[in-house]
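This report concerns only the one structure given below.
Any read-out appearing in this document is the output of simple, stated calculations on the displayed coordinates, not a laboratory observation. Source: prediction; values computed, not measured. Reconstructed Cβ throughout: ideal geometry from the backbone, glycine too, with neighbour counts over all protein chains shown.
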Amino acid sequence: LYRAKAAGRGRTEVYDASMELATATTLQRELQQAVAQGELVVHYQPIVDLSDVHVVGYEALVRWQHPQRGLLLPGAFLPHIQEAGVAVALGQLVVTQVVEFLARTEDTGRWVSVNVSADQLGDGEFATRLLQELSRHRVTAGRLVVELTESSLVASGTRIRHELTQLSAAGVPILLDDFGTGVSPLQYLRDLPVAGVKLDMSFTSGIPHDPTAGRVVRALGALARELAMVTIAEGIEHEEQADFLRHNGWRYGQGWLFGAAQEVPSER
Ligand code: C2E
Ligand code: MG
Ligand code: MG
Ligand code: MG
């Protein structure tokens, strides 16, 4: 409990923090049930080759099929998975669903990238479990791709580094997500086994009209290519953005122009 001066003259109002706590606790309990009851599902957003717009892979994006509130996006529940104690379990169920998807679609050769948080990597078993699932389902390691944001790497110790090296050595490509928004991306590109970058959509939304955004996008693409990294741009909504990107060396793209995430992914 803390006391707050209410708007009213000289009146002191008692704010009951346990109210908020109750809601947070409910959400945590609901999340634990959701994990146990299979309410968390993976949707797939197509990633296309910008040269001819054919689908080369998908990004796996988790959703919560909430019994009362409908389909919830990660922003509504990911911030609570750590306190709910389900971060590792969520990561595992995403990997399990994706590996099963990959096994079913072996003939297409398409890859699926999975978002991984530092909490999941810090558990120390992530790489080992993932590689075991891949081999159990006879899925080629390169068809599963791991996406990490720079912010999740900031506090990365030697253990996370070890996990990433283990994955990369086994043929699982690592992508740096939300590229361009972090504080020290160059350090990560130099020090970690990064196979490619995903341009943050805040840059994509600036092109082609904002000349500075355009120059930054061009320079980031050149940097990635200089390092022999794969280039993927996120958040492409308009044809002019796709044009700018393909003419400035960005190889792959993703965004509503090509399709949103769906439970059963689009073929194209
Ligand atoms: P992200 O990895 O940067 O994923 C891209 C986000 O942009 C997704 O939001 C996607 O639906 C959205 N998006 C795609 N195309 C467009 C577009 O053209 N325009 C706009 N405005 N948005 C677009 P979503 O699904 O809400 O996911 C948000 C974030 O949640 C992801 O950002 C990722 O960091 C995280 N996330 C999603 N699934 C998982 C997961 O399984 N595990 C973990 N640890 N994080 C996840
Ligand atoms: Mg991502
Ligand atoms: Mg991203
Ligand atoms: Mg993002």
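Among 149, 160, 127, whose Cα sits farthest toward the positive end of the charge dipole of region 117-204 (+1 at Cβ of Lys/Arg, -1 at Cβ of Asp/Glu, about the Cα centre)? The residue sitting farthest along the positive end of the dipole is 127. The rule of thumb for compact globular proteins, 2.2 N^0.38 Å, goes into the C-alpha radius of gyration of the chain 1.12 times.
Taking the Cα centre of the chain as origin, work out the dipole magnitude from +1 charges on Lys and Arg Cβ and -1 charges on Asp and Glu Cβ, in debye rounded to 20.
440
Diffusion of region 134-268 by Stokes-Einstein, at 4 °C in a medium of 1.567 mPa s and with Rh set to the Kirkwood radius over alpha-carbon pairs, works out to 82 µm²/s. Over all pairs of different C-alpha atoms in region 62-106, the reciprocal of the mean inverse distance, the Kirkwood hydrodynamic radius, equals 11.8 Å.
So for 160, 236, fewest C-beta neighbours within 10 Å to most, what's the order?
Going from sparsest to densest Cβ surroundings: 160, 236.
For region 134-147, 3J(HN,Hα) computed residue by residue from phi via the Karplus equation (6.51, -1.76, 1.60; θ = phi - 60°) reads 4, 6, 4, 9, 6, 9, 4, 4, x, 7, 9, 10, 10, 10 Hz, glycine and proline entered as x.
Spin-label model, residue 29 to residue 154: label points 7 Å out along the Cα-to-beta-carbon direction sit 3.4 nm apart.
Any chance you could check the Cα centroid distance between region 37-110 and region 131-157 for me, in angstrom? Rounded to whole Å, the Cα centres lie 14 Å apart. Percent of C-alpha pairs per 5 Å bin in region 138-208, short distances first: 3, 16, 26, 23, 16, 9, 5, 2, 0.
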